[in-house]
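Here, each number is a calculation from the coordinates, and none is a lab measurement. The structure displayed is predicted, hence computed values, not measured ones. Here the Cβ is made from the backbone with ideal geometry for all residues, glycine too, and neighbour counts use every protein chain on show.
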Amino acid sequence: MDYGDSYDLKQALVTQLQRSGYIQSDRVRQAFLKVHRENFILPDEKKSAYQDNPLNIGYGQTISAPHMVAIMAEALKIEEGHRVLEIGTGFGYHAAILSYLVGSYGKIYSIERIHALAEQAKENFKKTEITNVEVFEGDGSLGLPDHAPFDRIYLTCAAPFIPQSLLKQLTNNGILLAPVGRVFCELTRVQKTNDEVKMEQLGGCAFVPLIGIYGFSNEGSLGK
């Protein structure tokens, strides 16, 4: 697939996402048009790059369907200059989209627990010349306290509850977005104002589980 062909497929996908109401703002639309999804998937999946489906990236992980990335991008209300924490890098597609929303003065900090995925994501960002995303390896449920606070925090994996460890790293007036549940979840948005939190449910979704101390264990039970 060359970039000429992919642009036509990408444009068709973006048009579909707009008509369905998933993409609502021009900023999110432009971000989707700038990112080549085929650079953030396995070679065997390239033919499916612009289908609106989650795709396997190995190690029992997937990248989200484009419509879910769009829903989350709109729900986060990201502004230029924001510092954003992502839990679950995968191959980097989600962070790549949001990298254009935070702009050159913003930054995305992303945590991935699987070494091979973290290394591949770093390579993908290097290859695509995205310089405002930094990948860390570790337990995403703990966040990155040494780099906090963050204007926005979002999880690309299903949490059993909203970890207090992450809420503590959110700025005043910040937004945290997380799928809450076990595989089948409610996309939950938390807005923090003067240390008070307001939660709202944005609809059902399905994600792989958050593995960590404040997530699930590899055996499926709750973490510590």
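Highest GNM mean-square fluctuation among 117, 144, 42, for the chain modelled with Cα contacts below 10 Å: 42.
For the chain, find the longest principal axis of its Cα atoms and tell me its angle to the long axis of helix 66-76, 0 to 90°, nearest 10. The helix 66-76 is inclined about 50 degrees to the chain. The alpha-carbon of residue 47 sits under 26 angstrom from the alpha-carbons of these lysines, leaving out residues fewer than 8 places away in its chain: 10, 34, 122, 126, 127.
How long is the gain from residue 119 to residue 193 if the chain were fully straight, where each residue apart is worth 0.36 nm and the alpha carbon distance is subtracted? Walk me through the intermediate numbers first.
Details: separation 74, 0.36 × 74 = 26.64 nm, distance 3.60 nm.
Going from the current span to full extension adds 23.0 nm.
Taking the chain as a Gaussian network of alpha-carbon nodes connected by springs under 10 Å, the highest mean-square fluctuation of the residues 137, 186, 45 belongs to 45.
Taking the C-alpha atoms only, the angle from helix 115-127 to the longest principal axis of the chain is near 50 degrees.
Amide H contacts of residue 170: 150, each under 5 Å away and 5 or more positions distant or on a separate chain (H built 1.01 Å from N in the peptide plane; Pro and chain starts excluded). Based on the alpha-carbon gyration tensor of region 86-145 and its eigenvalue square roots a ≥ b ≥ c, which shape applies: rounded if a/c is under 1.5, prolate if not and a/b is larger than b/c, or oblate? It comes out oblate by the Cα gyration axes.
Considering only 156, 188, 15, the mean-square fluctuation computed in a Gaussian network model of the chain, springs between alpha carbons under 10 angstrom, is largest for 15. With each label modelled as a point 7 angstrom along the Cα→C-beta vector, the residue 48-residue 104 pair spans 3.8 nm. Going 7 Å from the Cα of residue 26 toward and past its Cβ, which residues in region 80-100 have a backbone nitrogen under 16 Å from where you end up? So the set is 80.
What does the C-alpha gyration tensor say about the overall shape of region 131-224? Classify as rounded when a/c is under 1.5, otherwise prolate if a/b is larger than b/c, or oblate. Taking the square roots of the gyration eigenvalues as a ≥ b ≥ c, region 131-224 is oblate.
The calculated FRET efficiency for residue 126 paired with residue 8, based on their beta-carbon distance and R0 = 30 Å, is about 0.65. Placing one equal scatterer on every Cα of the chain and applying the Debye formula, the log10 ratio I(q)/I(0) at q = 0.10, 0.13, 0.16 Å⁻¹ is -0.40, -0.69, -1.10. Rounded to the nearest 10 degrees, the angle from helix 93-102 to the longest Cα principal axis of the chain is 80 degrees. Separation of region 47-105 from region 156-198 is 17 Å, based on Cα centroids.
Sites listed here are chymotrypsin sites (Phe, Trp or Tyr not before Pro) in region 1-99 whose DSSP assignment is loop and whose Cβ has at most 14 other Cβ atoms within 10 Å: 59.
Rounded to the nearest 5, what is the percent of antiparallel bridges among the DSSP beta bridges in the chain? Write out the running numbers ahead of the final one.
Details: 21 of 42 bridges.
Looking only at bridges with both residues in the chain, the antiparallel portion is about 50 percent.
Going by how many other Cβ atoms sit within 10 Å of their own, how do 139, 195 line up, fewest first? Write down the numbers at each step before the final one.
On the way: 139 17, 195 8.
Ranking 139, 195 by Cβ neighbours within 10 Å, fewest first, gives 195, 139.
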